[in-house]
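The values are calculated or read from the model by the stated rules, or taken from the named source; none is laboratory data. The structure presented is a predicted model; accordingly, all values stated were derived computationally and were not measured. A quick note on method: Cβ atoms are made from the backbone with ideal geometry, for glycine too, and the neighbour counts reach across all protein chains shown.
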Amino acid sequence: MSTTPKVAIVTGAGSGIGKAASLALARAGFAVGLAGRRKDALAAVAKAAPNPALMLAHPTDVADPASVASLFAAVKAKFGRLDLLFNNAGIGAPAIPMEDLTFEQWKAVVDINLTGSFLCTQAAIRIMKDQSPRGGRIINNGSISAHAPRPNSVPYTATKHAITGLTKSTSLDGRRYDIACGQIDIGNAATDMAMRMASGVPQANGEIAIEPLMDPEHVADTIVHMASLPLASNVQFVTIMATKMPFVGRG
(Lines give C-alpha, C1' and ligand atoms only; values in the text may rest on other atoms or scores of the structure.)
Protein backbone atom coordinates (compact mmCIF):
# COMPACT_ATOMS: atom_id res chain seq x y z
CA MET A 1 0.00 0.00 0.00
CA SER A 2 1.31 3.45 -0.91
CA THR A 3 2.27 5.71 1.97
CA THR A 4 2.19 8.82 -0.21
CA PRO A 5 -0.52 11.12 1.17
CA LYS A 6 -3.39 12.33 -0.93
CA VAL A 7 -3.29 16.09 -1.51
CA ALA A 8 -6.13 18.52 -0.90
CA ILE A 9 -6.72 22.24 -1.30
CA VAL A 10 -9.27 23.90 0.99
CA THR A 11 -10.36 27.48 0.37
CA GLY A 12 -11.59 29.60 3.23
CA ALA A 13 -9.38 27.40 5.41
CA GLY A 14 -8.59 29.91 8.14
CA SER A 15 -11.82 29.58 10.09
CA GLY A 16 -15.21 27.89 10.36
CA ILE A 17 -16.03 24.97 8.09
CA GLY A 18 -12.78 25.38 6.16
CA LYS A 19 -10.67 25.08 9.29
CA ALA A 20 -12.62 22.08 10.58
CA ALA A 21 -12.44 20.35 7.18
CA SER A 22 -8.71 21.04 6.79
CA LEU A 23 -7.86 19.54 10.17
CA ALA A 24 -10.16 16.56 9.63
CA LEU A 25 -8.53 15.87 6.26
CA ALA A 26 -5.10 16.18 7.87
CA ARG A 27 -6.11 13.65 10.53
CA ALA A 28 -7.26 11.35 7.72
CA GLY A 29 -3.77 11.50 6.20
CA PHE A 30 -4.16 14.20 3.56
CA ALA A 31 -1.56 16.84 2.81
CA VAL A 32 -3.49 20.10 2.69
CA GLY A 33 -2.99 23.40 0.90
CA LEU A 34 -4.65 26.03 3.08
CA ALA A 35 -6.06 28.99 1.15
CA GLY A 36 -7.52 32.12 2.67
CA ARG A 37 -7.00 35.84 3.02
CA ARG A 38 -5.46 35.88 6.52
CA LYS A 39 -1.91 34.58 6.72
CA ASP A 40 -1.92 34.34 10.53
CA ALA A 41 -5.14 32.30 10.61
CA LEU A 42 -3.82 29.88 8.00
CA ALA A 43 -0.56 29.49 9.93
CA ALA A 44 -2.51 28.67 13.08
CA VAL A 45 -4.46 25.95 11.29
CA ALA A 46 -1.25 24.46 9.89
CA LYS A 47 0.31 24.44 13.36
CA ALA A 48 -2.73 22.64 14.81
CA ALA A 49 -2.50 19.76 12.31
CA PRO A 50 -1.06 16.40 13.39
CA ASN A 51 1.76 16.79 10.86
CA PRO A 52 2.38 20.49 10.11
CA ALA A 53 4.98 19.54 7.48
CA LEU A 54 2.09 18.28 5.33
CA MET A 55 0.27 21.62 5.50
CA LEU A 56 0.93 24.54 3.16
CA ALA A 57 -0.48 27.90 4.22
CA HIS A 58 -0.85 30.07 1.11
CA PRO A 59 -2.66 33.44 1.43
CA THR A 60 -5.06 33.63 -1.50
CA ASP A 61 -7.76 35.87 -2.94
CA VAL A 62 -9.95 33.37 -4.80
CA ALA A 63 -11.52 36.17 -6.85
CA ASP A 64 -8.12 37.04 -8.37
CA PRO A 65 -7.01 34.71 -11.22
CA ALA A 66 -3.31 35.39 -10.57
CA SER A 67 -3.69 34.61 -6.86
CA VAL A 68 -5.51 31.36 -7.63
CA ALA A 69 -2.83 30.36 -10.14
CA SER A 70 -0.16 31.00 -7.51
CA LEU A 71 -1.98 28.79 -4.98
CA PHE A 72 -2.31 25.80 -7.28
CA ALA A 73 1.25 26.15 -8.56
CA ALA A 74 2.57 26.22 -4.99
CA VAL A 75 0.63 23.11 -3.98
CA LYS A 76 1.77 21.21 -7.07
CA ALA A 77 5.38 22.28 -6.51
CA LYS A 78 5.35 21.13 -2.88
CA PHE A 79 3.27 17.96 -3.08
CA GLY A 80 3.45 16.95 -6.75
CA ARG A 81 -0.26 16.41 -7.42
CA LEU A 82 -3.82 17.30 -6.37
CA ASP A 83 -6.48 14.79 -5.33
CA LEU A 84 -9.14 17.01 -3.76
CA LEU A 85 -10.41 20.57 -3.99
CA PHE A 86 -12.92 21.79 -1.41
CA ASN A 87 -14.44 25.02 -2.74
CA ASN A 88 -15.49 26.51 0.58
CA ALA A 89 -14.60 30.22 0.57
CA GLY A 90 -17.71 32.37 0.80
CA ILE A 91 -19.07 35.66 2.09
CA GLY A 92 -22.48 37.27 2.52
CA ALA A 93 -23.80 40.80 2.10
CA PRO A 94 -25.63 42.95 4.67
CA ALA A 95 -29.14 41.65 5.34
CA ILE A 96 -30.90 44.61 3.77
CA PRO A 97 -33.72 44.84 1.20
CA MET A 98 -32.71 43.83 -2.31
CA GLU A 99 -33.41 47.28 -3.70
CA ASP A 100 -30.98 48.87 -1.24
CA LEU A 101 -27.97 46.73 -2.10
CA THR A 102 -25.15 48.51 -3.88
CA PHE A 103 -23.53 47.11 -6.99
CA GLU A 104 -20.29 46.76 -5.02
CA GLN A 105 -22.02 44.64 -2.33
CA TRP A 106 -23.54 42.37 -4.97
CA LYS A 107 -20.28 42.04 -6.93
CA ALA A 108 -18.19 41.23 -3.85
CA VAL A 109 -20.35 38.19 -3.07
CA VAL A 110 -20.46 37.01 -6.69
CA ASP A 111 -16.70 37.41 -7.05
CA ILE A 112 -15.86 35.30 -3.99
CA ASN A 113 -18.66 32.75 -3.91
CA LEU A 114 -19.14 32.02 -7.61
CA THR A 115 -16.23 33.33 -9.65
CA GLY A 116 -13.77 32.15 -7.00
CA SER A 117 -15.20 28.64 -7.08
CA PHE A 118 -15.05 28.62 -10.87
CA LEU A 119 -11.43 29.80 -10.97
CA CYS A 120 -10.35 27.18 -8.44
CA THR A 121 -12.29 24.45 -10.25
CA GLN A 122 -10.61 25.40 -13.52
CA ALA A 123 -7.16 25.30 -11.92
CA ALA A 124 -7.87 21.95 -10.24
CA ILE A 125 -9.03 20.34 -13.49
CA ARG A 126 -5.86 21.46 -15.27
CA ILE A 127 -3.74 19.61 -12.70
CA MET A 128 -5.98 16.58 -12.21
CA LYS A 129 -6.42 15.70 -15.87
CA ASP A 130 -2.67 15.65 -16.59
CA GLN A 131 -1.30 13.91 -13.48
CA SER A 132 -0.58 10.23 -12.99
CA PRO A 133 -2.65 8.52 -11.74
CA ARG A 134 -5.16 10.77 -13.43
CA GLY A 135 -8.22 12.37 -11.85
CA GLY A 136 -9.38 13.73 -8.54
CA ARG A 137 -12.40 15.05 -6.68
CA ILE A 138 -13.97 18.48 -6.26
CA ILE A 139 -16.43 19.23 -3.45
CA ASN A 140 -18.41 22.46 -3.50
CA ASN A 141 -19.92 24.09 -0.43
CA GLY A 142 -23.44 24.84 -1.60
CA SER A 143 -25.30 25.65 1.65
CA ILE A 144 -28.97 25.29 2.53
CA SER A 145 -29.24 28.56 0.58
CA ALA A 146 -28.72 26.51 -2.59
CA HIS A 147 -32.26 25.27 -1.93
CA ALA A 148 -34.16 28.08 -0.19
CA PRO A 149 -33.43 31.72 0.65
CA ARG A 150 -33.46 33.56 3.92
CA PRO A 151 -35.04 37.02 3.95
CA ASN A 152 -32.80 39.75 2.49
CA SER A 153 -30.13 37.36 1.20
CA VAL A 154 -30.28 37.69 -2.58
CA PRO A 155 -26.51 37.80 -3.40
CA TYR A 156 -25.68 34.83 -1.20
CA THR A 157 -28.73 32.82 -2.31
CA ALA A 158 -28.17 33.56 -5.99
CA THR A 159 -24.53 32.48 -5.84
CA LYS A 160 -25.32 29.32 -3.91
CA HIS A 161 -28.00 28.34 -6.44
CA ALA A 162 -25.36 28.96 -9.10
CA ILE A 163 -22.93 26.67 -7.27
CA THR A 164 -25.38 23.83 -7.91
CA GLY A 165 -25.06 24.52 -11.64
CA LEU A 166 -21.28 24.59 -11.32
CA THR A 167 -21.37 21.27 -9.49
CA LYS A 168 -23.51 19.62 -12.15
CA SER A 169 -21.45 20.98 -15.04
CA THR A 170 -18.18 19.98 -13.39
CA SER A 171 -19.52 16.52 -12.63
CA LEU A 172 -20.46 16.09 -16.29
CA ASP A 173 -17.42 17.68 -17.91
CA GLY A 174 -14.98 16.05 -15.48
CA ARG A 175 -16.01 12.50 -16.32
CA ARG A 176 -13.65 12.24 -19.28
CA TYR A 177 -10.73 13.00 -16.96
CA ASP A 178 -11.80 10.76 -14.03
CA ILE A 179 -12.73 13.85 -12.01
CA ALA A 180 -15.69 13.49 -9.65
CA CYS A 181 -17.60 16.50 -8.35
CA GLY A 182 -20.14 16.67 -5.54
CA GLN A 183 -21.78 19.25 -3.31
CA ILE A 184 -22.33 19.53 0.42
CA ASP A 185 -25.22 21.75 1.53
CA ILE A 186 -24.70 22.83 5.13
CA GLY A 187 -27.31 24.25 7.47
CA ASN A 188 -26.53 26.05 10.73
CA ALA A 189 -23.06 24.79 11.64
CA ALA A 190 -21.85 26.62 14.75
CA THR A 191 -19.23 28.85 13.12
CA ASP A 192 -18.64 32.58 13.52
CA MET A 193 -20.65 33.16 10.33
CA ALA A 194 -23.71 31.38 11.76
CA MET A 195 -23.58 32.28 15.46
CA ARG A 196 -26.18 35.01 14.95
CA MET A 197 -28.72 32.17 14.68
CA ALA A 198 -28.35 31.60 18.42
CA SER A 199 -29.65 35.08 19.24
CA GLY A 200 -32.49 35.07 16.71
CA VAL A 201 -32.75 35.75 12.97
CA PRO A 202 -35.62 36.86 10.68
CA GLN A 203 -37.95 34.15 9.39
CA ALA A 204 -40.03 34.06 6.21
CA ASN A 205 -43.17 35.06 8.14
CA GLY A 206 -41.50 38.17 9.56
CA GLU A 207 -40.87 36.77 13.02
CA ILE A 208 -37.47 36.63 14.74
CA ALA A 209 -36.58 33.15 15.96
CA ILE A 210 -33.63 31.43 17.58
CA GLU A 211 -32.39 28.53 15.44
CA PRO A 212 -30.53 25.39 16.53
CA LEU A 213 -26.89 24.93 15.58
CA MET A 214 -24.73 21.84 15.02
CA ASP A 215 -21.09 20.93 15.59
CA PRO A 216 -18.89 21.80 12.55
CA GLU A 217 -16.94 18.60 13.19
CA HIS A 218 -19.91 16.63 11.88
CA VAL A 219 -19.67 18.59 8.64
CA ALA A 220 -15.93 17.92 8.48
CA ASP A 221 -16.50 14.20 8.99
CA THR A 222 -18.94 14.19 6.07
CA ILE A 223 -16.40 15.92 3.84
CA VAL A 224 -13.75 13.34 4.80
CA HIS A 225 -16.18 10.56 3.91
CA MET A 226 -16.88 12.12 0.49
CA ALA A 227 -13.16 12.65 -0.08
CA SER A 228 -12.24 9.09 0.89
CA LEU A 229 -14.43 7.33 -1.65
CA PRO A 230 -12.80 5.75 -4.72
CA LEU A 231 -13.26 7.87 -7.85
CA ALA A 232 -15.68 5.25 -9.22
CA SER A 233 -18.17 6.46 -6.57
CA ASN A 234 -19.45 9.96 -5.89
CA VAL A 235 -21.68 11.68 -3.37
CA GLN A 236 -23.37 14.00 -5.86
CA PHE A 237 -25.36 16.02 -3.29
CA VAL A 238 -25.63 15.73 0.45
CA THR A 239 -27.42 17.96 2.97
CA ILE A 240 -26.18 18.09 6.55
CA MET A 241 -28.01 20.39 8.94
CA ALA A 242 -28.99 21.03 12.51
CA THR A 243 -31.86 18.56 12.91
CA LYS A 244 -34.38 21.06 14.25
CA MET A 245 -33.56 24.09 12.11
CA PRO A 246 -36.60 25.56 10.31
CA PHE A 247 -35.79 24.34 6.82
CA VAL A 248 -37.99 21.34 6.09
CA GLY A 249 -41.62 22.49 6.27
CA ARG A 250 -43.65 25.61 5.63
CA GLY A 251 -42.98 29.03 7.08
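When Asp130 is tested against (1) within 19 Å of Met193 (Cα to Cα); (2) part of a loop (DSSP other than H, G, I, E, B), exactly one condition is not met: (1). The single condition among (1) within 22 Å of Asp221 (Cβ to Cβ); (2) hydrophobic (A, V, I, L, M, F, W, C); (3) surrounded by fewer than 24 Cβ atoms within 10 Å (Cβ to Cβ) that Ala63 does not satisfy is (1).
Criterion applied to Arg81, Arg27, Arg37 was being out of contact with any Phe, Trp or Tyr (no Cβ under 9 Å at 6 or more places or on another chain) and under 26 Å from Ser132 (Cβ atoms), and the one residue passing it is Arg81. Exactly one residue among Thr157, Thr191 is at pLDDT 95 or above, of a type in the set (Val, Ile, Thr) and at negative phi, and that residue is Thr157.
Table: residues versus (1) assigned to a helix (DSSP H, G or I); (2) touching a residue at least 24 places away in the same chain (Cβ under 8 Å); (3) surrounded by 24 or more Cβ atoms within 10 Å (Cβ to Cβ).
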| site | (1), (2), (3) |
| --- | --- |
| Ala21 | yes, yes, yes |
| Ala24 | yes, yes, no |
| Ala35 | no, yes, yes |
| Val45 | yes, yes, yes |
| Ala73 | yes, no, no |
| Ile96 | no, yes, no |
| Glu99 | yes, no, no |
| Gln105 | yes, yes, no |
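Set side by side, the residues Phe79, Phe30 differ, and just one is within 29 Å of Phe237 (Cβ to Cβ), over 18 Å from the mean Cα position of the chain (by Cα) and buried (at least 18 other Cβ atoms within 10 Å of the Cβ), which is Phe79. Criterion applied to Gln183, Gln236 was being surrounded by fewer than 16 Cβ atoms within 10 Å (Cβ to Cβ), modelled with pLDDT of 90 or more, touching a Ser or Thr at 6+ places or on another chain (Cβ under 8 Å) and within 30 Å of Ser169 (Cα to Cα), and the one residue passing it is Gln236.
For the stretch 1-19, filtered to residues that are outside any strand (DSSP E or B) and more than 14 Å from the chain's Cα centre (by Cα), the residue that is modelled with the lowest pLDDT is Met1. Would you pick out the residues in the stretch 207-235 that are in a helix (DSSP H, G or I) and either of a type in the set (Asp, Glu) or farther than 21 Å from Asp178 by Cβ (or both)? Within the stretch 207-235, Pro216, Glu217, His218, Val219, Ala220, Asp221, Thr222 meet the criteria. Pairs are defined by a Cβ separation below 7 Å, a sequence spacing of at least 6 or placement on different chains, a first member in the stretch 129-141 that is in contact (Cβ under 8 Å) with a residue 40 or more places away in the chain, and a second member that is acidic (Asp, Glu) and surrounded by fewer than 17 Cβ atoms within 10 Å (Cβ to Cβ); the pairs so defined are Arg134/Asp178; Gly135/Asp178.
Scanning the stretch 23-54 for residues that are of a type in the set (Gly, Ala, Ser) and closer than 18 Å to Thr121 by Cα returns Gly33, Ala35, Gly36.
Only one of Ala189, Ala148, Ala194, Ala198 is crowded, with 17+ Cβ neighbours inside 10 Å, among the small types (Gly, Ala, Ser) and more than 14 Å from the chain's Cα centre (by Cα). Can you tell me which?
Working: Ala189 fails: more than 14 Å from the chain's Cα centre (by Cα); Ala148 fails: crowded, with 17+ Cβ neighbours inside 10 Å; Ala198 fails: crowded, with 17+ Cβ neighbours inside 10 Å.
Answer to the check: Ala194.
Is it true that some residue in the stretch 173-184 is outside any strand (DSSP E or B), more than 24 Å from Glu99 (Cα to Cα) and of a type in the set (Lys, Arg)? Within the stretch 173-184, one or more residues are outside any strand (DSSP E or B), more than 24 Å from Glu99 (Cα to Cα) and of a type in the set (Lys, Arg).
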